[in-house]
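The values are calculated or read from the model by the stated rules, or taken from the named source; none is laboratory data. Bear in mind that the values here come from a model prediction, so they are computed numbers and not experimental data. Heads up, the Cβs are rebuilt from the backbone with ideal geometry, glycines too, and the neighbour counts pull from every protein chain shown.
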Amino acid sequence: MDDPLARWRAQLEAWAIPEEILAAAPESPWSFPVGMFRARAERARAGGRQTPSNREAARWLPPGGSVLDVGAGAGAASLPLAGVAGRLVAVDESAAMVEAFLAAAAGAGAHAEGIQGRWPEVAGRVDPADVVVCHHVLYNVADLAPFAAALTDHARHRVVVELTDRHPLVGLAPLWRRFHGLERPSGPTAGDAAACTAMTRMRGLMVFVTRHAPAAPLPRPTGTTMASSAGSSSSISSAQVPTPAIRCRSLAECT
């Protein structure tokens, strides 16, 4: 399959769980307790040490600027920027997550707004921001092109996406095999996401990829930060640069 976007979709669709297993489950295997996201956001806000993704976002955030956090959970991606930002806006399809974000933002003394809904369906209700952050969301997005395009269209200066090096459920494959006799996919990976975002070169954007270890314990060994830029222009969505390119600090991310 030569199309990176089609390959991405096919790999995510392969994670579908057979209906008979879903029917026997006491609760959805695709959801997580709000408390887990709330605790992660509190650690991110109080931790003091910024991650590479935080630093990249802060580098492009003017004092008093705005941050849009898509798939925000309780705000782990945006709350570390509260000291610089004048406004934080979170989008999440869970009302409970939006409520947790607003409570955390109030605790940080940040001016914040929460929007419940699924991205990019609610993108029309959201104003552009100086910086857009989107952490650990892409593996839930089968149709990556419109999702990423809406992120880009809402960023004046930078889009910073963070995701784990591989799909977070890959490590559970031995358990699926043992208890259900079911083989699980081995992807997609951050490299696949990078291949998809490389297609933004056709829109005149530059994509930068950095690999790094997580700042806090995660069930995966490494993380990947992807930042898209409009070169010397302050508008990602409309800028054109003379020689658009993808630059990777790890060759594995370019494959």
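Can Arg55 be described as farther than 24 Å from Thr189 by Cβ, of a type outside the set (S, T, N, Q) and part of a helix (DSSP H, G or I)? If you could, list the steps in order and put the result at the bottom.
Details: farther than 24 Å from Thr189 by Cβ: no; of a type outside the set (S, T, N, Q): yes; part of a helix (DSSP H, G or I): yes.
So Arg55 fails the test.
What number of residues within the stretch 133-155 satisfy the criterion of being assigned to a helix (DSSP H, G or I), more than 11 Å from Ala193 (Cα to Cα) and touching a strand residue (DSSP E or B) at 6+ places or on another chain (Cβ under 7 Å)? Let's see the steps before the verdict.
Residues of the stretch 133-155 that are assigned to a helix (DSSP H, G or I), as a first pass: 138-140, 144-153.
Still in the running and more than 11 Å from Ala193 (Cα to Cα): 140, 146-147, 149-153.
Among the residues that remain, those that are also touching a strand residue (DSSP E or B) at 6+ places or on another chain (Cβ under 7 Å) are: 151-152.
Count: 2.
Is it the case that some residue within the stretch 131-140 is at pLDDT 95 or above and more than 11 Å from the chain's Cα centre (by Cα)?
Checked the stretch 131-140: at least one residue is at pLDDT 95 or above and more than 11 Å from the chain's Cα centre (by Cα).
I'd like to check something: does the stretch 99-117 contain any residue that is closer than 20 Å to Trp30 by Cβ, part of a strand (DSSP E or B) and touching a residue at least 60 places away in the same chain (Cβ under 8 Å)?
No, the stretch 99-117 has no match at all.
Checking the structure you have, find out if any residue of the stretch 163-171 is of a type outside the set (Asp, Glu) and over 30 Å from Arg184 (Cβ atoms). Show your work before the answer.
Restricting attention to the stretch 163-171, the residues satisfying the condition of being of a type outside the set (Asp, Glu) are 163-164, 166-171.
Narrowing the set further to residues that are over 30 Å from Arg184 (Cβ atoms) leaves none.
For the stretch 163-171, residues of a type outside the set (Asp, Glu) and over 30 Å from Arg184 (Cβ atoms): absent.
Within the stretch 22-56, how many residues turn out to be crowded, with 22+ Cβ neighbours inside 10 Å and either closer than 21 Å to Val98 by Cα or over 15 Å from the mean Cα position of the chain (by Cα) (or both)?
Qualifying residue count, the stretch 22-56: 5.
What are the residues in the stretch 22-52 that are charged (D, E, K, R) and in a loop (DSSP other than H, G, I, E, B), if any?
Of the stretch 22-52, the ones charged (D, E, K, R) are 27, 38, 40, 42-43, 45, 49.
Once the filter is applied, which keeps residues that are charged (D, E, K, R) and in a loop (DSSP other than H, G, I, E, B), the stretch 22-52 yields Glu27, Arg49.
Output the residues belonging to the stretch 161-194 that are in a loop (DSSP other than H, G, I, E, B) and surrounded by 13 or more Cβ atoms within 10 Å (Cβ to Cβ). Can you show your working first?
Residues of the stretch 161-194 in a loop (DSSP other than H, G, I, E, B): 165, 167-169, 181-188.
Once the filter is applied, which keeps residues that are in a loop (DSSP other than H, G, I, E, B) and surrounded by 13 or more Cβ atoms within 10 Å (Cβ to Cβ), the stretch 161-194 yields Asp165, His167, Pro168, Leu169, Leu182, Arg184, Pro185, Gly187, Pro188.
Going residue by residue through the stretch 95-102, is there one that turns out to be of a type outside the set (A, V, I, L, M, F, W, C) and at pLDDT 95 or above?
Initial filter on the stretch 95-102 (of a type outside the set (A, V, I, L, M, F, W, C)): 99.
Filter once more, so that each one left must be at pLDDT 95 or above: 99.
Checked against the condition, which is being of a type outside the set (A, V, I, L, M, F, W, C) and at pLDDT 95 or above, the stretch 95-102 yields at least one hit.
So is Ala85 under 23 Å from His157 (Cβ atoms), touching a residue at least 24 places away in the same chain (Cβ under 8 Å) and within 15 Å of the chain's Cα centre (by Cα) or not?
Numbers: under 23 Å from His157 (Cβ atoms): yes; touching a residue at least 24 places away in the same chain (Cβ under 8 Å): yes; within 15 Å of the chain's Cα centre (by Cα): no.
The answer is no for Ala85.
Can you tell me which residues in the stretch 159-198 are farther than 17 Å from His212 by Cα and among the β-branched types (Val, Ile, Thr)?
Once the filter is applied, which keeps residues that are farther than 17 Å from His212 by Cα and among the β-branched types (Val, Ile, Thr), the stretch 159-198 yields Val159, Val170, Thr197.
Rundown of residues vs (1) surrounded by fewer than 21 Cβ atoms within 10 Å (Cβ to Cβ); (2) of a type outside the set (Lys, Arg); (3) more than 17 Å from Glu42 (Cα to Cα); (4) in contact with a Leu (Cβ under 8 Å, 6 or more places away or on another chain), yes/no style:
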| site | (1), (2), (3), (4) |
| --- | --- |
| Ala100 | no, yes, no, no |
| Ala106 | yes, yes, no, no |
| His111 | yes, yes, no, yes |
| Gly117 | yes, yes, yes, no |
| Val122 | yes, yes, yes, no |
| Arg125 | yes, no, yes, no |
| Val131 | no, yes, yes, yes |
| Leu138 | no, yes, yes, yes |
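Does at least one position in the stretch 75-95 carry a residue that is touching a strand residue (DSSP E or B) at 6+ places or on another chain (Cβ under 7 Å), among the small types (Gly, Ala, Ser) and surrounded by fewer than 18 Cβ atoms within 10 Å (Cβ to Cβ)?
Yes, that holds for at least one residue.
Given the criterion touching a Pro at 6+ places or on another chain (Cβ under 8 Å) and more than 27 Å from Cys196 (Cβ to Cβ), identify the matching residue among Val98, Val34, Val84. Before you say what the answer is, go through the steps one by one.
Numbers: Val98 fails: touching a Pro at 6+ places or on another chain (Cβ under 8 Å); Val34 fails: touching a Pro at 6+ places or on another chain (Cβ under 8 Å).
After ruling out the rest, the residue left standing is Val84.
Within the stretch 1-24, how many residues are farther than 12 Å from Pro188 by Cβ and touching a Ser or Thr at 6+ places or on another chain (Cβ under 9 Å)?
Of the residues in the stretch 1-24, 1 are farther than 12 Å from Pro188 by Cβ and touching a Ser or Thr at 6+ places or on another chain (Cβ under 9 Å).
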